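Scroll down for the structure; my scribbles are underneath it.
FYI, it's all coordinate maths here, none of it is from the lab. Values in this document were obtained by computation on a predicted structure and should not be read as measured data. Glycine also receives a Cβ, built like all others from the backbone with ideal geometry; neighbour counts cover every protein chain displayed.
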Amino acid sequence: MKTINSADATGVELDWLVEEALGGDHINPPRNYSSDLHLGGLVLQREKIEINYFNKRRTDGGTDSVCRASLQPTFTFQNYTSNMAAKITADGPDLLIAGMRCFVIFKQGQTVEVPCDLVTQ
């Protein structure tokens, strides 16, 4: 296993992490949550993950379009519901990658372990 930053996960390693967060069966290869709008969209909708778009300035003066996913955790204790926890955010090149990164950070934390054979260089 290798430790990676959840905010940098892409491709098959991100899909594996989503599967892990969902308590899945780790089929090989994992389901394409970060590229299949049907699969990823179900997670975004169920978890109420918000998506916003903005332009990010590059060092060369140009701009890139970036997606930011955010999730406001709510906690319920007896009859009281609180949403005072800090909002979780993650950026990505498209809505699914940003959303799945946000979901993984919420469920598993900022740093996670993935099998070495999944880590992209």
The simple spin-label model distance between M1 and I27, using points 7 Å out along Cα→Cβ, in nm, is 2.4
Expressed as a percent, the portion of alpha-carbon pairs in the range 1-60 spaced more than 16 Å apart is 56
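Give me the number: length gained by fully extending Q110 to E19, i.e. 0.36 nm times residue separation minus the C-alpha to C-alpha distance, one decimal in nm. Before the final figure, lay out the partial values.
Details: separation 91, 0.36 × 91 = 32.76 nm, distance 1.63 nm.
Here the answer is 31.1 nm.
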So the pair-distance distribution of the chain, from every Cα-Cα distance in 10 Å bins, comes to percents of 13, 42, 31, 12, 1, 0
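How much length, in nm to one decimal, is gained on full extension between S65 and D117, taken as 0.36 nm per residue of separation minus their Cα-Cα distance?
15.6 nm
Taking R0 as 30 Å, what FRET efficiency do you get between R58 and D8 from their Cβ-Cβ distance, rounded to the nearest 0.05? Intermediate values should be presented prior to the final figure.
Numbers: r = 18 Å, r/R0 = 0.60.
Efficiency at R0 = 30 Å is approximately 0.95.
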